[in-house]
Amino acid sequence: MSGLERREAEARRLLLAGPRPPVPADLAARAAGQGRRLLRGRRFVRGAAWLLLVAAVMALCALAAVAGPSPGTAPPPPGW
């Protein structure tokens, strides 16, 4: 028996031999509530990130429209 198999067998023996602790009756409801809160928080962060990205793009577009070309820019070629 290899070392890993021996450790797995010892872990199984310990888990199956001893008394099992009681599980709270409302454990599933608490876990579901925590999962809903985590998902709601992630959704909020994702929405805030998208809002910030859109606002930044709009601000850059407005700045580019107001500022115009820089003074060092060459004039357009004739006929354009």
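This table checks each residue for (1) open to solvent by 100 Å² or more (accessible area, probe 1.4 Å); (2) in contact (Cβ under 8 Å) with a residue 12 or more places away in the chain; (3) within 34 Å of the chain's Cα centre (by Cα).
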{"site": "Arg20", "(1), (2), (3)": "yes, no, no"}
{"site": "Ala25", "(1), (2), (3)": "yes, no, yes"}
{"site": "Ala31", "(1), (2), (3)": "no, no, yes"}
{"site": "Gly35", "(1), (2), (3)": "no, no, yes"}
{"site": "Arg42", "(1), (2), (3)": "yes, no, yes"}
{"site": "Arg46", "(1), (2), (3)": "yes, no, yes"}
{"site": "Ala56", "(1), (2), (3)": "no, no, yes"}
{"site": "Gly72", "(1), (2), (3)": "no, no, no"}
{"site": "Pro75", "(1), (2), (3)": "yes, no, no"}
Next on the checklist: Restricting to segment 58-70, name every residue that is over 31 Å from the mean Cα position of the chain (by Cα) and open to solvent by less than 100 Å² (accessible area, probe 1.4 Å).
Outcome noted: Ala64, Ala65, Ala67, Gly68, Ser70
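The values are calculated or read from the model by the stated rules, or taken from the named source; none is laboratory data. Nothing here was measured: the structure is a model prediction, and the numbers come from that model. When we count neighbours, we look across all protein chains shown, and the Cβ atoms used for this are built from the backbone with ideal geometry, even at glycine. Please note that ligands, DNA and RNA were not included when accessible areas were found on the heavy atoms of the full protein model with its side chains. Shrake-Rupley method; radii C 1.70, N 1.55, O 1.52, S 1.80 Å.
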